[in-house]
Amino acid sequence: MAATAGGKHKMGFVGATSYMIGNIIGSGIFITPTSILMRTHSVGLSLIVWSLCAVIAILGSLCYIELGTSIRDPGCDFAYICYVKWYPIAFAFMWVSVLLTYPAVLAIQAEAFGEYLVEGLQPIICFDGPNVIYAKKLLGFALLWLLTWLNFFSLKTFASRFQIIATVAKLLSTGLVIVTGFYLLIFRGWTTNLENPMSGSIWKAGDLVLALYGGLWAYSGWDVLNYGSDEIEHPKRTMPLAMLAGIGIVAVVYVAINVAYFVVLDVDAMSDSHAVAATFSQKVLGNFSFAIPFLIGVLLCGSLNSSIFVGSRYMFAAARQGHLPSCFSCVNQETDSPRAAIFAQTLLAIAVSFIGDLDNLIGYVIFAIWFQRVFTMLGLLWIRYKKIPVHPDAIRMPTALIVFFMLLSASLVLIPVVQEPEVTAIGLVIVASGMIMYFIFVWPKNTPVFLQRINEATTNVTSIVFSALPDLKKFDSLDQNDISPAVNCSPNAKSDDFTEITKRISRFDTDSNGTEQPRQRF
(Lines give C-alpha, C1' and ligand atoms only; values in the text may rest on other atoms or scores of the structure.)
Protein backbone atom coordinates (compact mmCIF):
# COMPACT_ATOMS: atom_id res chain seq x y z
CA MET A 1 0.00 0.00 0.00
CA ALA A 2 2.82 2.34 0.79
CA ALA A 3 6.55 2.31 1.06
CA THR A 4 9.35 4.45 2.33
CA ALA A 5 12.17 5.33 0.03
CA GLY A 6 14.93 7.74 0.80
CA GLY A 7 13.25 8.68 4.07
CA LYS A 8 10.13 9.81 2.22
CA HIS A 9 6.72 8.16 2.51
CA LYS A 10 5.34 6.92 -0.79
CA MET A 11 1.77 6.09 -1.81
CA GLY A 12 1.09 2.66 -3.25
CA PHE A 13 -1.76 1.58 -5.54
CA VAL A 14 -4.45 1.31 -2.85
CA GLY A 15 -3.51 4.62 -1.24
CA ALA A 16 -3.34 6.44 -4.58
CA THR A 17 -6.68 4.98 -5.74
CA SER A 18 -8.36 5.94 -2.46
CA TYR A 19 -6.93 9.42 -2.77
CA MET A 20 -8.34 9.69 -6.30
CA ILE A 21 -11.83 8.56 -5.29
CA GLY A 22 -11.93 10.73 -2.18
CA ASN A 23 -10.78 13.78 -4.09
CA ILE A 24 -13.27 13.40 -6.97
CA ILE A 25 -16.46 12.42 -5.14
CA GLY A 26 -17.64 15.51 -3.34
CA SER A 27 -20.21 18.24 -3.63
CA GLY A 28 -20.46 18.03 -7.43
CA ILE A 29 -22.73 14.99 -7.60
CA PHE A 30 -25.27 16.79 -5.38
CA ILE A 31 -25.06 20.13 -7.21
CA THR A 32 -24.86 19.49 -10.95
CA PRO A 33 -27.48 16.81 -11.87
CA THR A 34 -30.20 19.46 -12.16
CA SER A 35 -28.13 21.79 -14.36
CA ILE A 36 -27.21 18.89 -16.66
CA LEU A 37 -30.84 17.83 -17.00
CA MET A 38 -31.90 21.43 -17.75
CA ARG A 39 -29.49 21.40 -20.73
CA THR A 40 -30.39 17.93 -22.01
CA HIS A 41 -34.12 17.66 -21.13
CA SER A 42 -34.15 13.85 -20.99
CA VAL A 43 -33.12 10.98 -18.76
CA GLY A 44 -31.15 9.17 -21.45
CA LEU A 45 -29.19 12.16 -22.74
CA SER A 46 -28.41 13.21 -19.17
CA LEU A 47 -26.91 9.77 -18.45
CA ILE A 48 -25.00 9.94 -21.75
CA VAL A 49 -23.47 13.26 -20.64
CA TRP A 50 -22.40 11.74 -17.32
CA SER A 51 -20.81 8.84 -19.20
CA LEU A 52 -19.09 11.19 -21.68
CA CYS A 53 -17.61 13.13 -18.78
CA ALA A 54 -16.12 9.88 -17.50
CA VAL A 55 -14.65 9.18 -20.96
CA ILE A 56 -13.18 12.72 -21.13
CA ALA A 57 -11.67 12.25 -17.67
CA ILE A 58 -10.13 8.93 -18.76
CA LEU A 59 -8.68 10.48 -21.95
CA GLY A 60 -7.27 13.34 -19.91
CA SER A 61 -5.84 10.99 -17.31
CA LEU A 62 -3.97 9.07 -20.04
CA CYS A 63 -2.28 12.29 -21.18
CA TYR A 64 -1.54 13.31 -17.59
CA ILE A 65 -0.08 9.87 -16.90
CA GLU A 66 2.61 10.68 -19.47
CA LEU A 67 3.14 14.12 -17.92
CA GLY A 68 3.29 12.73 -14.37
CA THR A 69 5.79 10.02 -15.27
CA SER A 70 7.85 12.33 -17.52
CA ILE A 71 8.11 15.37 -15.24
CA ARG A 72 8.40 14.32 -11.59
CA ASP A 73 7.97 17.85 -10.20
CA PRO A 74 5.00 18.67 -7.93
CA GLY A 75 2.57 21.30 -9.14
CA CYS A 76 0.65 19.67 -12.01
CA ASP A 77 -0.14 22.14 -14.83
CA PHE A 78 1.94 24.96 -13.33
CA ALA A 79 5.02 22.73 -13.11
CA TYR A 80 4.52 21.38 -16.64
CA ILE A 81 4.12 24.81 -18.23
CA CYS A 82 7.17 26.06 -16.34
CA TYR A 83 9.13 23.02 -17.53
CA VAL A 84 8.93 24.33 -21.11
CA LYS A 85 9.76 27.85 -19.81
CA TRP A 86 6.44 29.44 -20.74
CA TYR A 87 6.63 31.51 -17.57
CA PRO A 88 4.20 34.32 -18.55
CA ILE A 89 1.49 31.73 -19.26
CA ALA A 90 2.19 29.89 -16.00
CA PHE A 91 2.01 33.17 -14.08
CA ALA A 92 -1.24 34.17 -15.83
CA PHE A 93 -2.98 30.95 -14.80
CA MET A 94 -1.63 31.26 -11.26
CA TRP A 95 -3.25 34.71 -11.26
CA VAL A 96 -6.54 33.20 -12.53
CA SER A 97 -6.45 30.57 -9.78
CA VAL A 98 -6.00 33.17 -7.05
CA LEU A 99 -8.59 35.64 -8.33
CA LEU A 100 -11.20 33.34 -9.85
CA THR A 101 -10.84 29.57 -9.61
CA TYR A 102 -10.40 29.04 -5.86
CA PRO A 103 -12.81 31.84 -4.81
CA ALA A 104 -15.42 30.48 -7.24
CA VAL A 105 -15.04 26.99 -5.77
CA LEU A 106 -15.65 28.45 -2.30
CA ALA A 107 -18.66 30.39 -3.57
CA ILE A 108 -20.16 27.29 -5.22
CA GLN A 109 -19.80 25.17 -2.11
CA ALA A 110 -21.12 27.91 0.20
CA GLU A 111 -24.16 28.49 -2.00
CA ALA A 112 -24.81 24.76 -2.30
CA PHE A 113 -24.71 24.52 1.51
CA GLY A 114 -27.32 27.29 1.66
CA GLU A 115 -29.46 25.46 -0.93
CA TYR A 116 -29.51 22.20 1.01
CA LEU A 117 -29.96 23.82 4.42
CA VAL A 118 -32.93 25.88 3.19
CA GLU A 119 -34.42 22.76 1.58
CA GLY A 120 -33.97 20.79 4.78
CA LEU A 121 -35.53 23.56 6.91
CA GLN A 122 -38.57 24.05 4.65
CA PRO A 123 -40.83 21.79 6.76
CA ILE A 124 -39.99 23.92 9.82
CA ILE A 125 -39.43 27.40 8.35
CA CYS A 126 -41.31 28.52 5.27
CA PHE A 127 -39.01 30.38 2.88
CA ASP A 128 -40.76 32.03 -0.05
CA GLY A 129 -40.16 34.67 -2.72
CA PRO A 130 -36.95 36.72 -2.49
CA ASN A 131 -36.42 35.48 1.07
CA VAL A 132 -35.22 32.16 -0.33
CA ILE A 133 -32.38 33.80 -2.27
CA TYR A 134 -31.32 35.92 0.70
CA ALA A 135 -31.54 32.96 3.08
CA LYS A 136 -29.32 30.79 0.86
CA LYS A 137 -26.71 33.53 0.51
CA LEU A 138 -26.70 34.41 4.21
CA LEU A 139 -26.48 30.80 5.38
CA GLY A 140 -23.64 30.11 2.94
CA PHE A 141 -21.78 33.26 3.99
CA ALA A 142 -22.33 32.46 7.67
CA LEU A 143 -20.69 29.06 7.25
CA LEU A 144 -17.90 30.60 5.18
CA TRP A 145 -17.09 33.17 7.88
CA LEU A 146 -17.31 30.55 10.64
CA LEU A 147 -14.82 28.29 8.88
CA THR A 148 -12.64 31.31 8.08
CA TRP A 149 -12.49 32.17 11.76
CA LEU A 150 -11.71 28.56 12.69
CA ASN A 151 -8.94 28.47 10.08
CA PHE A 152 -7.32 31.44 11.82
CA PHE A 153 -6.28 29.01 14.53
CA SER A 154 -4.35 25.76 14.66
CA LEU A 155 -6.67 23.19 13.10
CA LYS A 156 -4.59 20.02 13.00
CA THR A 157 -6.78 18.15 15.47
CA PHE A 158 -10.05 19.82 14.48
CA ALA A 159 -9.52 19.52 10.73
CA SER A 160 -8.52 15.87 10.75
CA ARG A 161 -11.48 14.82 12.91
CA PHE A 162 -13.88 17.00 10.96
CA GLN A 163 -12.71 15.57 7.62
CA ILE A 164 -13.32 12.05 8.93
CA ILE A 165 -16.89 13.04 9.81
CA ALA A 166 -17.31 14.62 6.36
CA THR A 167 -16.03 11.44 4.68
CA VAL A 168 -18.50 9.32 6.63
CA ALA A 169 -21.28 11.74 5.61
CA LYS A 170 -20.17 11.40 1.98
CA LEU A 171 -20.34 7.60 2.09
CA LEU A 172 -23.68 7.56 3.94
CA SER A 173 -25.38 10.10 1.67
CA THR A 174 -24.26 8.50 -1.61
CA GLY A 175 -24.92 4.99 -0.29
CA LEU A 176 -28.37 5.90 1.02
CA VAL A 177 -29.43 7.41 -2.32
CA ILE A 178 -28.13 4.46 -4.39
CA VAL A 179 -29.53 1.72 -2.13
CA THR A 180 -32.94 3.41 -1.83
CA GLY A 181 -33.22 4.08 -5.57
CA PHE A 182 -32.23 0.58 -6.67
CA TYR A 183 -34.44 -1.02 -4.02
CA LEU A 184 -37.43 0.85 -5.45
CA LEU A 185 -36.36 -0.05 -9.00
CA ILE A 186 -35.76 -3.77 -8.45
CA PHE A 187 -38.21 -4.74 -5.70
CA ARG A 188 -40.99 -2.18 -6.18
CA GLY A 189 -40.88 -1.92 -9.96
CA TRP A 190 -40.59 1.89 -10.15
CA THR A 191 -39.70 2.05 -13.85
CA THR A 192 -42.09 4.74 -15.14
CA ASN A 193 -39.46 7.48 -15.41
CA LEU A 194 -37.05 5.18 -17.27
CA GLU A 195 -39.40 3.79 -19.93
CA ASN A 196 -38.71 6.41 -22.64
CA PRO A 197 -35.24 7.65 -21.69
CA MET A 198 -34.56 9.74 -24.83
CA SER A 199 -37.95 11.47 -24.94
CA GLY A 200 -37.58 15.26 -25.05
CA SER A 201 -33.84 15.26 -25.80
CA ILE A 202 -32.43 18.53 -27.17
CA TRP A 203 -29.26 18.16 -29.25
CA LYS A 204 -27.71 21.63 -29.25
CA ALA A 205 -23.91 21.84 -29.26
CA GLY A 206 -23.80 24.85 -26.94
CA ASP A 207 -26.22 23.33 -24.43
CA LEU A 208 -24.42 19.98 -24.51
CA VAL A 209 -21.05 21.61 -23.80
CA LEU A 210 -22.54 23.56 -20.90
CA ALA A 211 -24.03 20.29 -19.65
CA LEU A 212 -20.55 18.76 -19.91
CA TYR A 213 -19.27 21.68 -17.81
CA GLY A 214 -21.52 20.54 -14.98
CA GLY A 215 -20.44 16.92 -15.27
CA LEU A 216 -16.76 17.82 -15.55
CA TRP A 217 -17.11 19.91 -12.39
CA ALA A 218 -18.31 16.77 -10.59
CA TYR A 219 -15.35 14.80 -12.04
CA SER A 220 -12.79 17.53 -11.31
CA GLY A 221 -9.88 16.21 -9.29
CA TRP A 222 -8.91 13.31 -11.57
CA ASP A 223 -5.48 14.93 -11.98
CA VAL A 224 -4.81 15.07 -8.23
CA LEU A 225 -1.94 12.55 -8.38
CA ASN A 226 -0.04 14.90 -10.71
CA TYR A 227 0.24 17.40 -7.87
CA GLY A 228 2.58 15.01 -6.08
CA SER A 229 3.89 12.50 -8.59
CA ASP A 230 7.17 12.34 -6.67
CA GLU A 231 5.20 11.06 -3.65
CA ILE A 232 4.00 7.92 -5.48
CA GLU A 233 5.70 4.53 -5.28
CA HIS A 234 6.71 3.23 -8.72
CA PRO A 235 4.85 5.97 -10.68
CA LYS A 236 5.20 4.11 -13.99
CA ARG A 237 3.05 1.28 -12.62
CA THR A 238 1.00 2.94 -9.89
CA MET A 239 -0.18 6.13 -11.64
CA PRO A 240 -1.96 4.54 -14.62
CA LEU A 241 -3.56 1.81 -12.50
CA ALA A 242 -4.70 4.18 -9.74
CA MET A 243 -5.99 6.90 -12.07
CA LEU A 244 -7.96 4.54 -14.31
CA ALA A 245 -9.33 2.50 -11.40
CA GLY A 246 -10.30 5.63 -9.48
CA ILE A 247 -12.12 7.24 -12.41
CA GLY A 248 -13.84 3.94 -13.24
CA ILE A 249 -15.19 3.51 -9.71
CA VAL A 250 -16.35 7.14 -9.57
CA ALA A 251 -18.09 6.78 -12.95
CA VAL A 252 -20.06 3.75 -11.69
CA VAL A 253 -21.06 5.62 -8.52
CA TYR A 254 -22.14 8.74 -10.43
CA VAL A 255 -24.24 6.88 -13.00
CA ALA A 256 -25.81 4.77 -10.22
CA ILE A 257 -26.76 7.87 -8.22
CA ASN A 258 -28.34 9.50 -11.27
CA VAL A 259 -30.31 6.35 -12.08
CA ALA A 260 -31.52 6.34 -8.46
CA TYR A 261 -32.60 9.98 -8.80
CA PHE A 262 -34.56 9.20 -11.97
CA VAL A 263 -36.28 6.19 -10.41
CA VAL A 264 -37.96 8.55 -7.93
CA LEU A 265 -38.08 11.91 -9.76
CA ASP A 266 -39.34 12.63 -13.26
CA VAL A 267 -37.69 15.16 -15.57
CA ASP A 268 -39.91 18.07 -14.50
CA ALA A 269 -39.53 17.44 -10.77
CA MET A 270 -35.77 17.10 -11.04
CA SER A 271 -35.42 20.19 -13.25
CA ASP A 272 -37.36 22.29 -10.73
CA SER A 273 -35.28 21.10 -7.77
CA HIS A 274 -32.44 23.28 -6.48
CA ALA A 275 -31.27 20.50 -4.14
CA VAL A 276 -32.00 17.25 -5.94
CA ALA A 277 -30.88 14.89 -3.17
CA ALA A 278 -33.10 16.73 -0.67
CA THR A 279 -36.08 16.48 -3.04
CA PHE A 280 -35.29 12.77 -3.48
CA SER A 281 -35.34 12.23 0.29
CA GLN A 282 -38.64 14.09 0.72
CA LYS A 283 -40.26 11.77 -1.83
CA VAL A 284 -39.16 8.44 -0.34
CA LEU A 285 -37.88 8.85 3.23
CA GLY A 286 -40.90 10.50 4.85
CA ASN A 287 -40.13 11.61 8.41
CA PHE A 288 -36.45 10.82 7.86
CA SER A 289 -36.19 13.17 4.86
CA PHE A 290 -34.05 15.55 6.93
CA ALA A 291 -31.25 12.97 6.94
CA ILE A 292 -30.04 13.57 3.38
CA PRO A 293 -29.88 17.42 3.56
CA PHE A 294 -28.14 17.13 6.94
CA LEU A 295 -25.56 14.62 5.68
CA ILE A 296 -24.92 16.66 2.54
CA GLY A 297 -24.63 19.79 4.68
CA VAL A 298 -21.90 18.10 6.74
CA LEU A 299 -20.24 16.91 3.52
CA LEU A 300 -20.28 20.46 2.12
CA CYS A 301 -18.83 21.80 5.39
CA GLY A 302 -15.92 19.41 4.93
CA SER A 303 -15.50 20.34 1.27
CA LEU A 304 -15.63 24.04 2.08
CA ASN A 305 -13.11 23.66 4.89
CA SER A 306 -10.71 21.80 2.56
CA SER A 307 -11.17 24.42 -0.17
CA ILE A 308 -10.41 27.25 2.27
CA PHE A 309 -7.24 25.44 3.28
CA VAL A 310 -6.10 24.77 -0.30
CA GLY A 311 -7.07 28.17 -1.74
CA SER A 312 -5.46 30.15 1.06
CA ARG A 313 -2.25 28.07 0.91
CA TYR A 314 -2.11 28.60 -2.85
CA MET A 315 -2.35 32.37 -2.36
CA PHE A 316 0.09 32.24 0.56
CA ALA A 317 2.64 30.25 -1.46
CA ALA A 318 2.35 32.66 -4.39
CA ALA A 319 2.90 35.64 -2.08
CA ARG A 320 5.78 33.91 -0.30
CA GLN A 321 7.51 33.49 -3.65
CA GLY A 322 6.98 37.15 -4.56
CA HIS A 323 4.22 36.67 -7.13
CA LEU A 324 1.73 38.55 -4.97
CA PRO A 325 2.17 41.37 -2.42
CA SER A 326 3.96 40.15 0.68
CA CYS A 327 1.00 41.09 2.92
CA PHE A 328 -0.64 37.85 1.79
CA SER A 329 2.30 35.86 3.16
CA CYS A 330 1.65 37.07 6.71
CA VAL A 331 1.43 34.17 9.16
CA ASN A 332 0.42 34.15 12.80
CA GLN A 333 3.44 32.89 14.72
CA GLU A 334 1.45 30.99 17.35
CA THR A 335 -0.89 29.07 15.06
CA ASP A 336 1.15 29.10 11.82
CA SER A 337 -2.03 30.17 10.02
CA PRO A 338 -1.79 32.40 6.89
CA ARG A 339 -4.58 34.65 8.14
CA ALA A 340 -4.30 37.37 5.50
CA ALA A 341 -4.57 34.86 2.65
CA ILE A 342 -7.53 33.11 4.32
CA PHE A 343 -9.33 36.44 4.83
CA ALA A 344 -8.60 37.56 1.25
CA GLN A 345 -9.90 34.29 -0.24
CA THR A 346 -13.12 34.62 1.76
CA LEU A 347 -13.68 38.20 0.56
CA LEU A 348 -13.00 37.17 -3.04
CA ALA A 349 -15.41 34.23 -2.70
CA ILE A 350 -18.20 36.52 -1.48
CA ALA A 351 -17.52 38.97 -4.32
CA VAL A 352 -17.46 36.19 -6.92
CA SER A 353 -20.74 34.75 -5.63
CA PHE A 354 -22.57 37.86 -6.90
CA ILE A 355 -21.26 37.43 -10.46
CA GLY A 356 -23.86 34.78 -11.22
CA ASP A 357 -25.72 31.68 -10.08
CA LEU A 358 -24.26 28.22 -9.51
CA ASP A 359 -24.21 27.38 -13.21
CA ASN A 360 -22.29 30.58 -14.02
CA LEU A 361 -19.77 29.97 -11.24
CA ILE A 362 -19.19 26.39 -12.38
CA GLY A 363 -18.73 27.74 -15.91
CA TYR A 364 -16.01 30.15 -14.73
CA VAL A 365 -14.11 27.40 -12.91
CA ILE A 366 -14.33 24.84 -15.72
CA PHE A 367 -13.38 27.47 -18.33
CA ALA A 368 -10.22 28.37 -16.39
CA ILE A 369 -9.26 24.74 -15.77
CA TRP A 370 -9.71 23.57 -19.37
CA PHE A 371 -8.14 26.68 -20.87
CA GLN A 372 -5.03 25.88 -18.85
CA ARG A 373 -5.11 22.27 -20.04
CA VAL A 374 -4.95 23.45 -23.65
CA PHE A 375 -1.55 25.01 -22.91
CA THR A 376 -0.45 21.98 -20.90
CA MET A 377 -1.10 19.74 -23.92
CA LEU A 378 0.69 22.24 -26.18
CA GLY A 379 3.61 22.05 -23.75
CA LEU A 380 3.67 18.25 -23.97
CA LEU A 381 3.70 18.44 -27.77
CA TRP A 382 6.48 21.05 -27.56
CA ILE A 383 8.53 18.69 -25.37
CA ARG A 384 8.24 16.03 -28.06
CA TYR A 385 8.96 18.42 -30.92
CA LYS A 386 12.04 19.90 -29.24
CA LYS A 387 13.02 16.52 -27.75
CA ILE A 388 13.39 18.08 -24.30
CA PRO A 389 14.80 15.47 -21.89
CA VAL A 390 12.31 13.87 -19.49
CA HIS A 391 12.44 11.10 -16.89
CA PRO A 392 13.76 7.83 -18.37
CA ASP A 393 10.80 5.84 -16.95
CA ALA A 394 8.21 8.01 -18.68
CA ILE A 395 5.14 6.36 -20.20
CA ARG A 396 4.62 7.57 -23.75
CA MET A 397 1.09 7.94 -25.12
CA PRO A 398 0.15 8.16 -28.83
CA THR A 399 0.60 11.65 -30.24
CA ALA A 400 -2.87 11.41 -31.79
CA LEU A 401 -4.36 11.03 -28.30
CA ILE A 402 -2.60 14.16 -27.06
CA VAL A 403 -3.70 16.19 -30.09
CA PHE A 404 -7.27 14.91 -29.74
CA PHE A 405 -7.43 15.80 -26.04
CA MET A 406 -5.96 19.24 -26.75
CA LEU A 407 -8.62 19.88 -29.42
CA LEU A 408 -11.30 18.55 -27.09
CA SER A 409 -10.12 20.92 -24.35
CA ALA A 410 -10.10 23.82 -26.81
CA SER A 411 -13.65 23.01 -27.92
CA LEU A 412 -14.82 23.01 -24.29
CA VAL A 413 -13.38 26.53 -24.04
CA LEU A 414 -14.55 27.93 -27.39
CA ILE A 415 -18.04 26.48 -28.01
CA PRO A 416 -19.68 28.21 -24.99
CA VAL A 417 -18.58 31.60 -26.42
CA VAL A 418 -21.83 31.73 -28.41
CA GLN A 419 -24.04 30.32 -25.64
CA GLU A 420 -22.67 32.23 -22.63
CA PRO A 421 -20.16 34.83 -23.86
CA GLU A 422 -19.94 36.56 -20.48
CA VAL A 423 -18.32 33.45 -18.93
CA THR A 424 -15.65 33.39 -21.63
CA ALA A 425 -15.19 37.17 -21.51
CA ILE A 426 -14.62 37.29 -17.75
CA GLY A 427 -12.21 34.33 -17.93
CA LEU A 428 -10.22 35.85 -20.80
CA VAL A 429 -10.05 39.26 -19.09
CA ILE A 430 -8.58 37.72 -15.93
CA VAL A 431 -6.07 35.64 -17.95
CA ALA A 432 -5.06 38.77 -19.90
CA SER A 433 -4.72 40.77 -16.69
CA GLY A 434 -2.39 38.06 -15.36
CA MET A 435 -0.20 38.39 -18.45
CA ILE A 436 -0.12 42.18 -18.00
CA MET A 437 0.80 41.81 -14.32
CA TYR A 438 3.64 39.48 -15.30
CA PHE A 439 5.21 41.96 -17.70
CA ILE A 440 4.75 44.87 -15.27
CA PHE A 441 5.91 43.29 -12.02
CA VAL A 442 7.83 40.08 -12.83
CA TRP A 443 9.56 40.69 -16.16
CA PRO A 444 11.53 43.77 -14.94
CA LYS A 445 14.60 43.08 -12.83
CA ASN A 446 13.43 45.40 -10.05
CA THR A 447 10.00 46.44 -8.80
CA PRO A 448 9.42 50.25 -8.97
CA VAL A 449 10.19 52.06 -5.71
CA PHE A 450 6.67 53.41 -5.19
CA LEU A 451 5.25 49.89 -5.46
CA GLN A 452 7.80 48.65 -2.94
CA ARG A 453 6.61 51.34 -0.52
CA ILE A 454 2.96 50.41 -1.05
CA ASN A 455 3.86 46.77 -0.49
CA GLU A 456 5.68 47.61 2.75
CA ALA A 457 2.81 49.76 4.02
CA THR A 458 0.14 47.14 3.32
CA THR A 459 2.30 44.47 4.90
CA ASN A 460 2.74 46.56 8.05
CA VAL A 461 -1.01 47.18 8.34
CA THR A 462 -1.78 43.51 7.70
CA SER A 463 0.73 42.43 10.34
CA ILE A 464 -1.00 44.61 12.94
CA VAL A 465 -4.58 43.69 12.01
CA PHE A 466 -4.01 39.93 11.85
CA SER A 467 -1.27 39.69 14.48
CA ALA A 468 0.97 38.11 11.89
CA LEU A 469 4.36 38.51 10.25
CA PRO A 470 5.53 37.95 6.65
CA ASP A 471 6.70 34.37 6.31
CA LEU A 472 10.42 34.11 5.59
CA LYS A 473 10.91 30.43 6.41
CA LYS A 474 11.96 29.66 2.85
CA PHE A 475 15.15 31.63 3.41
CA ASP A 476 15.97 29.68 6.57
CA SER A 477 16.45 26.47 4.56
CA LEU A 478 18.22 28.04 1.59
CA ASP A 479 21.83 29.00 1.34
CA GLN A 480 23.04 32.07 -0.53
CA ASN A 481 23.30 30.17 -3.81
CA ASP A 482 19.63 29.15 -3.57
CA ILE A 483 18.39 32.74 -3.39
CA SER A 484 20.38 34.02 -6.30
CA PRO A 485 18.54 36.10 -8.91
CA ALA A 486 18.62 33.14 -11.29
CA VAL A 487 15.86 31.44 -9.31
CA ASN A 488 12.88 33.40 -10.56
CA CYS A 489 10.13 33.52 -13.11
CA SER A 490 11.99 35.62 -15.64
CA PRO A 491 12.86 34.40 -19.15
CA ASN A 492 16.45 33.84 -18.03
CA ALA A 493 15.54 31.36 -15.30
CA LYS A 494 16.83 27.82 -15.63
CA SER A 495 14.64 24.75 -15.52
CA ASP A 496 16.92 23.18 -12.92
CA ASP A 497 16.47 26.23 -10.69
CA PHE A 498 12.71 25.81 -10.91
CA THR A 499 12.91 22.13 -10.07
CA GLU A 500 15.15 22.63 -7.07
CA ILE A 501 13.31 25.58 -5.56
CA THR A 502 9.95 23.85 -6.07
CA LYS A 503 11.15 20.71 -4.33
CA ARG A 504 12.52 22.70 -1.41
CA ILE A 505 9.39 24.74 -0.95
CA SER A 506 7.14 21.69 -1.31
CA ARG A 507 8.83 20.15 1.72
CA PHE A 508 7.70 23.12 3.79
CA ASP A 509 4.09 23.23 2.57
CA THR A 510 3.22 19.83 1.15
CA ASP A 511 -0.51 20.32 1.66
CA SER A 512 -0.74 23.30 -0.67
CA ASN A 513 -1.96 21.02 -3.49
CA GLY A 514 0.69 21.86 -6.01
CA THR A 515 0.96 25.54 -5.22
CA GLU A 516 4.72 25.75 -5.11
CA GLN A 517 5.76 28.80 -7.09
CA PRO A 518 9.22 29.99 -8.13
CA ARG A 519 10.59 32.87 -6.08
CA GLN A 520 10.43 36.48 -7.23
CA ARG A 521 11.44 39.90 -6.11
CA PHE A 522 8.47 41.66 -4.52
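The values are calculated or read from the model by the stated rules, or taken from the named source; none is laboratory data. Note that the structure is a prediction, hence the values are computed from the model and not measured. Positions of Cβ are backbone-derived with ideal geometry, glycine not excepted, and every protein chain shown enters the neighbour counts.
Of the residues that make up the range 333-349, is at least one over 18 Å from the mean Cα position of the chain (by Cα), modelled with pLDDT under 80 and assigned to a loop (DSSP other than H, G, I, E, B)? Yes, some residue in the range 333-349 is over 18 Å from the mean Cα position of the chain (by Cα), modelled with pLDDT under 80 and assigned to a loop (DSSP other than H, G, I, E, B).
Scanning the range 418-434 for residues that are surrounded by 14 or more Cβ atoms within 10 Å (Cβ to Cβ) and of a type in the set (Val, Ile, Thr) yields Val423, Thr424, Ile426, Ile430, Val431.
Residue count for the range 76-103 satisfying the condition of being modelled with pLDDT of 90 or more and among the small types (Gly, Ala, Ser): 1. For the range 179-197, the criterion of being under 20 Å from Arg39 (Cα atoms), buried (at least 19 other Cβ atoms within 10 Å of the Cβ) and modelled with pLDDT of 90 or more is satisfied by no residue at all. When the test is whether a residue is over 18 Å from Val177 (Cβ atoms) and in contact with a His (Cβ under 9 Å, 6 or more places away or on another chain), Pro235 passes it. Taking Val259 as the residue in question, decide whether it is over 25 Å from the mean Cα position of the chain (by Cα), surrounded by fewer than 20 Cβ atoms within 10 Å (Cβ to Cβ), in a helix (DSSP H, G or I) and at pLDDT 90 or above. Yes. The residues listed here are Ile81, Ile21, Ile48, Ile56; of these, the one that is surrounded by 24 or more Cβ atoms within 10 Å (Cβ to Cβ) and part of a helix (DSSP H, G or I) is Ile81. Residues that are of a type in the set (Val, Ile, Thr) and surrounded by fewer than 18 Cβ atoms within 10 Å (Cβ to Cβ) were ranked within the range 351-392; the one that is nearest to Glu422 (Cα to Cα) is Ile355.
Conditions tested, residue by residue: (1) under 17 Å from Ile369 (Cα atoms); (2) among the hydrophobic types (A, V, I, L, M, F, W, C); (3) buried (at least 17 other Cβ atoms within 10 Å of the Cβ).
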{"position": "Leu99", "(1), (2), (3)": "yes, yes, yes"}
{"position": "Ala107", "(1), (2), (3)": "yes, yes, yes"}
{"position": "Ala112", "(1), (2), (3)": "no, yes, yes"}
{"position": "Tyr116", "(1), (2), (3)": "no, no, yes"}
{"position": "Leu121", "(1), (2), (3)": "no, yes, no"}
{"position": "Ile124", "(1), (2), (3)": "no, yes, no"}
{"position": "Pro130", "(1), (2), (3)": "no, no, no"}
{"position": "Ile133", "(1), (2), (3)": "no, yes, no"}
{"position": "Leu139", "(1), (2), (3)": "no, yes, yes"}
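Among the candidates Ser306, Ser312, single out the residue that is crowded, with 24+ Cβ neighbours inside 10 Å, of a type in the set (S, T, N, Q) and either in a helix (DSSP H, G or I) or in contact with a strand residue (DSSP E or B) (Cβ under 9 Å, 6 or more places away or on another chain) (or both). Before you say what the answer is, go through the steps one by one.
Numbers: Ser306 fails: crowded, with 24+ Cβ neighbours inside 10 Å.
The unique qualifying residue is Ser312.
Among residues of the range 208-237 that are in contact (Cβ under 8 Å) with a residue 40 or more places away in the chain and within 18 Å of Ile58 (Cβ to Cβ), those with a beta-carbon under 7 Å from a residue that is in a loop (DSSP other than H, G, I, E, B) and among the hydrophobic types (A, V, I, L, M, F, W, C) at least six positions away or on a different chain give the pairs Asp223/Cys76; Asn226/Cys76.
Yes or no: the range 230-253 includes at least one residue that is in a loop (DSSP other than H, G, I, E, B), modelled with pLDDT of 90 or more and not acidic (Asp, Glu). No.
Could you go through the range 281-288 and let me know if any residue there is within 27 Å of Leu143 (Cα to Cα), crowded, with 18+ Cβ neighbours inside 10 Å and among the hydrophobic types (A, V, I, L, M, F, W, C). No - not one qualifying residue is present in the range 281-288. Can you find a residue in the range 449-469 that is in contact (Cβ under 8 Å) with a residue 24 or more places away in the chain, polar (S, T, N, Q) and surrounded by fewer than 12 Cβ atoms within 10 Å (Cβ to Cβ)? Within the range 449-469, none of the residues are in contact (Cβ under 8 Å) with a residue 24 or more places away in the chain, polar (S, T, N, Q) and surrounded by fewer than 12 Cβ atoms within 10 Å (Cβ to Cβ).
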